1. If you count only protein heavy atoms and use a 1.4 Å probe, how large is the accessible surface of LYS29, to the nearest 10 Å²?
2. For the chain, just say rounded, prolate or oblate: build the C-alpha gyration tensor, square-root its eigenvalues into a ≥ b ≥ c, call rounded for a/c under 1.5, and beyond that prolate if a/b exceeds b/c, oblate if not.
3. By average Cβ neighbour count within 10 Å, what is the ranking of 20-26, 40-46 from highest down?
4. Simple spin-label model, 7 Å along Cα-to-Cβ: PHE66 to ALA32 in nm?
5. For the range 15-54, rounded, prolate or oblate, judged on the Cα gyration tensor with a ≥ b ≥ c (square roots of eigenvalues), a/c < 1.5 rounded, else prolate if a/b > b/c?
6. Would you list the membrane-span-like helices of the chain, meaning whole DSSP H runs whose alpha-carbon atoms span at least 27 Å along their axis and whose mean Kyte-Doolittle value is at least 1.6?
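The values are calculated or read from the model by the stated rules, or taken from the named source; none is laboratory data. The model shown is predicted, which means the values in this text are computed figures rather than measured ones. Cβ atoms come from the backbone with ideal geometry, glycine included; neighbour counts cover every protein chain shown. Each accessible area value is taken on the protein alone, full model and side chains, heavy atoms only, with ligands, DNA and RNA left out. Shrake-Rupley method; radii C 1.70, N 1.55, O 1.52, S 1.80 Å.
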Amino acid sequence: MDTYPFYFILVLAIILYELGFSRKLPILKKLATYVLLAIGCIPLTILKVLGLPIIGAMIVAAVILFLARLRRPMNLRDEPSSHE
């Protein structure tokens, strides 16, 4: 079986995690998180092999989270200050 879809899905999962869910963690907890993320990519790879558009869906999710990350500071700047 070709392992490239697994690696591509893993990279996309790491990007999605970093864009949407990551927090400051100690190095061992971060390593454990990435190991569990890699284990969770196995079922996604199986679904990809079965023909589901997993990679396309993850790319769309990454774009949406990236746009939300860009938009968040703009919202904080535009809100009026309550200290006035």
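1. Only protein atoms counted, so the area is about 130 Å².
2. Values: a/c = 4.46, a/b = 1.84, b/c = 2.43.
Judged from the Cα gyration tensor, the chain comes out oblate (a/c at least 1.5, b/c at or above a/b).
3. 40-46, 20-26
4. 3.2
5. Here the range 15-54 falls in the oblate category.
6. Helices meeting the span and hydropathy rule in the chain are 27-49.
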